[in-house]
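Taken together, the values in this text are just the output of simple stated rules run on the coordinates, not laboratory data. Bear in mind the structure is a predicted one, so any value in this text is a computation, not a measurement. Backbone-built Cβ (ideal geometry, glycine too); neighbour counts: all protein chains shown.
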Amino acid sequence: MRYDYLIIGTGVAGLYAALNIPEDKNVLIISKDPLWECNTFYAQGGITTAKDEDDIPSHIEDTLKAGAGLCDPKAVEILSRNSINIIKDLIERGFEFDRDKKGNLLFTKEAAHSKPRILHAGGDATGRELHLFLMRNNRHKVLEGCIVTDLLCDDGICYGATVRYRGILQNIYAKNVLIASGGIGSLYEYNTNAKTISSDLQGIAVEKGIKLKDMAFTQFHPTVFIKDKRARKLLLTESLRGEGATVVDENKKRFLFDYDDRGELAPRDIVSRAIFRYQQAGHSVYLSFDNFDKAFFKKRFPTIYKNFQELGFDVPKQKVPISPAFHFMMGGIESDYYSKVKGFLNLYAVGEVACTGVHGANRLASNSLLEGLVFSKRAVEDSLTNEVKIKPKEFKINSYPLIKKDDKKYRHLLRKTMWEKVGIIRTKKGLLEAAQTIEDISKKDIGRFLKLRLNSAKKIVESALSIKKSIGAHYLED
Ligand code: SIN
């Protein structure tokens, strides 16, 4: 099977890349599970955009500030400058953002933004609406249940990937390969990510000598309902707080002001740490919707309303117990301003799997869908303008045992270790213990998918150990 493009992943980055590839190109998009099982589908808050040319400097400043000085300013400028056209493109193609009665776009505010500049759709279902829209407009071939087990790389060229499809391992060859497989959520016991997001491609990158950057910077979302049995924990979007929800303890005290003057609207690393510490001190923490009228709440946050009614919470009357949980990976496969993987002619990384430098040490809320849109378009533009001639090459299929009998037990140990020792508040001792656990599991009789998770986890721990002071989402207690 030879294609012009192989796109790995069906989140916003993969699908928007596909939308920008001309129809006469031979494109294959592959998805590990059902198409919607990706982080885009579950994204609630929205898509940040500079509201107009005058807002670009302020959006850039907010992004750089959130990133704690570690963003790449040029990448941030690209992100912000392109946001206006990207949103225009979506609207012209027929995507419907929420509007007021007069037809004006509605902008909401989230933590660490100096003004409301976040567009949303379906109230709190921006990701789901965007995903449906991109799927409906997709004209290229898609395979579901197609899992990458290896990349076919040689001398700065990626020839394609080995996949398992319908139980059979096979090689798929392509002139351009776009990795859009998402972050690392499954490495953490408590996370908001789709269950497919398990860092397989980051793990393969480690084997291929592809550089992973900023891996210490794992972002924890402050307001998550973790008492649900499912692996993916339920997010309570930042925009709830942007629109007036408060974080309270068992006595209705808004304790966040004891930690930061901005209270509920402080950057999410600060809010996450404050809640975590407060819980460790023995308090219960809740998100309260006292400020909301029921009709408004139902209309503005329909998904959250429905989810929590089903769970037995009478929202907005009743408050919901919350805790921080892992949410987003700032680090990933190092890629340039056109999303090209460093050292490769035809390999691109887009969306959460990539490290473009736009997030630095801490991502500004709702910049992630925007990053996926902006940088996937740039990847396609680059591949079309700099078409590379690649002489086909055949690769043997490496058939590894993908899963072994004890993997589940070790996966669980890894998730627990990452949560407890490589989490919201870290210590050198904890990080060293995590490194040892990862090493110990690596020596067991394990399958390939677990091995790939361990490769990624090891990079996170190594990166965290190499940064000696607290910065952004990497917080050291000692
Ligand atoms: C949210 O809705 O709170 C998540 C938005 C984001 O992760 O940027």
At 25 °C and 0.890 mPa s, the Stokes-Einstein diffusion coefficient in µm²/s for region 166-239, with hydrodynamic radius from the Kirkwood sum on alpha carbon pairs, is 165 µm²/s
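Give, in nm to one decimal, the length gained when the segment between LEU413 and LYS393 is fully stretched (0.36 nm per residue of separation minus the Cα-Cα distance).
Contour length minus Cα-Cα distance gives 3.2 nm.
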Length gained, LYS306-LYS65, 0.36 nm per residue minus C-alpha separation, equals 83.3 nm
In nm, give the distance between the simple-model label positions of ASP24 and ARG254, each being 7 Å from the Cα along the Cα-to-Cβ direction.
-> 6.0 nm
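Do the sum for the chain: with -39,500 (n - 2.57) for every DSSP H run of n ≥ 4, divided by all residues, what is the mean residue ellipticity at 222 nm, to the nearest 500 deg cm²/dmol?
Numbers: 14 runs with 166 residues, N = 478.
Calculated at 222 nm, the ellipticity per residue is -10500 deg cm²/dmol.
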HN-Hα couplings for region 25-40 via Karplus (6.51, -1.76, 1.60; θ = phi - 60°), in whole Hz with x for Gly/Pro, come out as 7, 8, 10, 10, 10, 10, 10, 5, 9, x, 3, 7, 7, 8, 5, 4
Per principal axis, largest first, the Cα atoms of region 239-352 extend in Å by 57, 34, 24
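Looking at region 49-100 from every direction and averaging, what is the projected area of its Cα convex hull in nm²? Intermediate results must be reported in sequence, preceding the final value.
Working: hull surface 16.8 nm².
The Cα convex hull of region 49-100, projected and averaged over all directions, gives 4.2 nm².
Let me make sure I get this right: for region 319-402, a, b and c are the square roots of the gyration tensor eigenvalues over alpha carbons, sorted descending. Under 1.5 in a/c it's rounded, otherwise prolate if a/b > b/c, else oblate. Which is it?
Numbers: a/c = 3.03, a/b = 1.55, b/c = 1.95.
In terms of gyration-tensor shape, oblate.
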Would you mind computing, in nm to one decimal, how far apart the modelled labels at ARG136 and ASP290 are, each placed 7 Å from Cα along Cα→Cβ?
-> 4.1 nm
From the square roots a ≥ b ≥ c of the eigenvalues of the alpha-carbon gyration tensor of region 197-236, which class results: rounded (a/c under 1.5), prolate (a/b over b/c), or oblate?
-> oblate
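Taking the Cα centre as origin and putting +1 on Lys and Arg beta-carbons and -1 on Asp and Glu beta-carbons, what dipole magnitude results for region 326-394, to the nearest 20 debye?
With Lys and Arg at +1 and Asp and Glu at -1, about 140 debye.
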Calculate, for LEU384 and LEU105, the FRET efficiency according to 1/(1 + (r/R0)^6) with r their C-beta to C-beta distance and R0 30 Å; round to the nearest 0.05.
-> 0.50
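Tell me which GluC sites (Glu not before Pro) from region 50-111 have a DSSP coil assignment and no more than 11 other beta carbons within 10 Å of their own. Walk me through the numbers on the way to the answer.
On the way: sites: GLU53, GLU61, GLU77, GLU92, GLU96, GLU110; in loops: GLU96, GLU110.
Passing both the DSSP loop test and the Cβ count: GLU96.
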So, with points 7 Å from each Cα along the Cβ direction, the SER114-ARG2 label distance in nm works out to 5.3 nm
What is the gain in length, in nm to one decimal, between ALA231 and SER442 on full extension, counting 0.36 nm per residue of separation less the C-alpha to C-alpha distance?
-> 73.6 nm
Considering only DSSP beta bridges where both residues belong to the chain, give the percentage that are antiparallel (nearest 5).
-> 65 percent
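For an R0 of 35 angstrom, estimate the FRET efficiency from the Cβ-Cβ distance between GLU462 and TYR337 and round to the nearest 0.05. Please report the intermediate quantities before stating the final value.
Details: r = 26 Å, r/R0 = 0.75.
The computed FRET efficiency comes out at 0.85.
For Cα pairs less than 8 Å apart in space and 6+ apart in sequence, what is the mean separation divided by the residue count of the chain, i.e. the relative contact order in percent? Before the final figure, lay out each step's value.
Details: 1068 pairs, mean separation 105.8, N = 478.
The normalised contact order for the chain reaches 22 percent.
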Jot down the radius of gyration and Dmax of region 40-143, Cα atoms only, both in angstrom.
-> 14.7, 43
Which value, in nm² and rounded to one decimal, describes the direction-averaged projected area of the C-alpha convex hull of the chain?
-> 21.8 nm²
Name the long-range amide H neighbours of TYR3: under 5 Å, sequence gap of 5 or more, or other chain; modelled H, no Pro or chain starts.
-> TYR173, ALA174, LYS175
For ILE403, placing the label point 7 angstrom along Cα-to-beta-carbon and taking region 443-465, residues whose amide nitrogen sits under 11 Å are 449-450
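By the gyration tensor of its Cα atoms, with a ≥ b ≥ c the square roots of the eigenvalues, what is the shape of region 286-442: rounded for a/c under 1.5, prolate for a/b over b/c, or oblate? Intermediate values should be presented prior to the final figure.
Working: a/c = 2.18, a/b = 1.36, b/c = 1.60.
Taking the square roots of the gyration eigenvalues as a ≥ b ≥ c, region 286-442 is oblate.
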If you take the beta carbon distance between ALA281 and LEU143 as r and set R0 to 45 Å, what does 1/(1 + (r/R0)^6) give as a FRET efficiency, to the nearest 0.05?
-> 0.35
